[in-house]
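Below is one structure, written out as structure tokens, with a few remarks after it.
The values are calculated or read from the model by the stated rules, or taken from the named source; none is laboratory data. Just so you know, these numbers come straight off a predicted model, no measurement behind them. Glycine gets a Cβ as well: all are built from the backbone with ideal geometry, and neighbour counts include every protein chain shown.
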Amino acid sequence: MSRKSLWVLAGLLWLGSSQAPAAERPYYEGKTIKFIISSSPGGGTDTAGRLVARFLPKYLPGNPQNIVQNMPGGGGTVSNNFFFREGKPDGLTLLQDSSSGLTNFTRGGPTIKYDPRQYRTIGALTRGGSVLMVRKDAKSRLMDRKARPVIVGDSDGSRTWLAVTVWAAEYLGWNLKWIYGYPGTGELVLALRQGEFDMFATQNAKIIQGLIKDGVVETLAQEEDERRPDFSDVPTFEEILGAKKPSGVSWQAYLAWAGPGAVDKFLVAPQGTPDDIVRVLRDAFVKMGKDPEFKDQATKFFGAGWSIRPGEKTEALIREATTVSSETMGFLVKIRKKYGLPAGEPKGKG
């Protein structure tokens with residue numbers, strides 16, 4: 001081989017080696033992920049979203065920057081409608097949502113312009129079922145129909161734990177009245193402390209323990225069918241119902257309303273996001289859950305009962321929680337109307 005040919009070959013080899021790193025540049029390098037949070041600041045969804053926004057980029061190849069934007073309204077309806085319509089399937093815009101968004105979708109109505117079953121689910125942060133509490137100064141009125149009703153407070157009248165209160169009024173005779181319109185969990189807790197209403201539930205162990213410690217409330221029931229390890233002395237709602245537990249379409253309607261609570265706080269990418277990007281995000285989410293600092297912060301905010309659920313399993317739970325028969329939906333509409341709560345449409349979401 002001539003000297004000229006050797007120089008040409010060396011030049012080609014150098015050119016190839018110099019371009020290789022650029023071709024292997026991580027997808028997220030030099031980019032920024034926007035995390036949209038479907039609630040106002042201060043509540044469980046906001047806390048979960050900000051934790052994820054802080055730690056997830058650490059486990060994404062390229063270590064992208066992050067931006068957090070709260071987009072509250074309608075129990076997640078505003079953010080979901082925006083995300084479903086505007087979210088680009090490039091892995092750079094993610095939505096931190098909660099079970100309220102699933103409940104609103106199932107309830108239906110003209111304001112619902114999204115379908116959570118079409119999202120690409122990254123994973124979920126779960127905290128165990130909601131624990132229902134009542135102010136100590138209101139508990140004596142709970143079974144007294146002649147007394148002033150015990151007031152249940154909520155943001156939009158559709159949170160999953162409200163099913164416990166409605167079925168308790170229907171089958172146990174609890175003396176309840178519902179008000180809603182509070183922006184988020186932070187405002188609800190403050191209003192409960194101030195006596196604006198009497199009954200409230202949350203999955204957040206820190207909030208529950210704080211209210212108990214300060215002597216504001218007593219615990220009544222847990223939303224799910226198994227007791228949380230951190231509240232093992234609080235009976236489940238099924239245990240309280242006992243022989244009065246309904247069957248058939250009534251119980252199916254209860255499960256349709258309360259069921260999304262098991263999904264809890266979940267992170268999604270827009271529909272159409274490529275499989276390779278989804279895979280990278282899901283892997284990073286699982287790794288994030290094992291980070292010692294993340295675990296410490298999650299325990300600080302949510303108590304010891306939290307856990308990370310992988311994307312595939314969360315996606316299956318979302319589909320299960322939002323698939324409701326027309327008969328069941330019809331029952332939900334009727335019982336919500338009966339107790340003055342947002343009713344939705346009398347049709348199923350198959």
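Considering each residue of the stretch 66-94, count those that are within 16 Å of K34 (Cα to Cα) and free of Cβ contacts under 8 Å to residues at least 24 places away in the same chain, and give that number.
Within the stretch 66-94, the first condition is being within 16 Å of K34 (Cα to Cα), and the residues that meet it are 66-72, 79-80, 82-94.
Those still in the list that are free of Cβ contacts under 8 Å to residues at least 24 places away in the same chain too: 86.
Going through the stretch 66-94 one residue at a time, the tally reaches 1.
Listed by first and then second residue, the pairs with beta-carbon distance under 7 Å, at least 6 apart or on different chains, first residue in the stretch 184-203 and assigned by TED's automatic domain parsing to the domain that holds E223 and at negative phi, second assigned to a helix (DSSP H, G or I) and surrounded by fewer than 17 Cβ atoms within 10 Å (Cβ to Cβ), are F197/A191. Of everything listed in (1) in contact (Cβ under 8 Å) with a residue 40 or more places away in the chain; (2) surrounded by 23 or more Cβ atoms within 10 Å (Cβ to Cβ), the single unmet condition for T219 is (2). Evaluate the stretch 112-120: report whether one residue or more is assigned to a strand (DSSP E or B) and charged (D, E, K, R). Among the residues of the stretch 112-120, at least one is assigned to a strand (DSSP E or B) and charged (D, E, K, R), which makes the answer yes.
For the stretch 323-332, the criterion of being surrounded by fewer than 17 Cβ atoms within 10 Å (Cβ to Cβ), more than 20 Å from the chain's Cα centre (by Cα) and not in a helix (DSSP H, G or I) is satisfied by at least one residue. Has the stretch 154-167 got any residue that is assigned to a strand (DSSP E or B), surrounded by fewer than 23 Cβ atoms within 10 Å (Cβ to Cβ) and in contact (Cβ under 8 Å) with a residue 60 or more places away in the chain? Within the stretch 154-167, not a single residue is assigned to a strand (DSSP E or B), surrounded by fewer than 23 Cβ atoms within 10 Å (Cβ to Cβ) and in contact (Cβ under 8 Å) with a residue 60 or more places away in the chain. Being in the same structural domain as G73 (by TED's automatic domain parsing), acidic (D, E), in contact (Cβ under 8 Å) with a residue 12 or more places away in the chain and in contact with a strand residue (DSSP E or B) (Cβ under 7 Å, 6 or more places away or on another chain) holds for only one residue in D97, D115, and it is D97.
Tell me, which residue of the stretch 2-53 that is polar (S, T, N, Q) and over 30 Å from the mean Cα position of the chain (by Cα) is modelled with the highest pLDDT?
As a first pass, look at the stretch 2-53 and keep what is polar (S, T, N, Q): 2, 5, 17-19, 32, 38-40, 45, 47.
Still in the list and also over 30 Å from the mean Cα position of the chain (by Cα): 2, 5, 17-19.
Details: S2: 56, S5: 53, S17: 51, S18: 48, Q19: 50.
Step by step, filter the stretch 2-53, then rank; the result is S2.
Yes/no matrix, rows are residues, columns are (1) over 14 Å from T165 (Cα atoms); (2) out of contact with any Ser or Thr (no Cβ under 8 Å at 6 or more places or on another chain):
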residue: Y182; (1), (2): yes, no
residue: G186; (1), (2): yes, no
residue: L190; (1), (2): yes, yes
residue: Q194; (1), (2): yes, yes
residue: A201; (1), (2): no, no
residue: N204; (1), (2): yes, no
residue: I207; (1), (2): yes, no
residue: V216; (1), (2): yes, yes
residue: L220; (1), (2): no, yes
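Across the stretch 204-236, which residue is farthest from L188 (Cα to Cα) among those that are in a helix (DSSP H, G or I) and under 21 Å from the mean Cα position of the chain (by Cα)?
P229
From the list E312, E238, E293, the lone residue that is modelled with pLDDT of 95 or more, in contact with an Asp or Glu (Cβ under 7 Å, 6 or more places away or on another chain) and not aromatic (F, W, Y) is E238. Considering only the stretch 228-253, state which residues are surrounded by 17 or more Cβ atoms within 10 Å (Cβ to Cβ) and more than 17 Å from V166 (Cα to Cα). R228, D230, F231, V234, listed by residue number.
Kindly indicate which of L125, L132, L95 is more than 14 Å from the chain's Cα centre (by Cα) and in a strand (DSSP E or B). None of the other options fit; the residue is L132.
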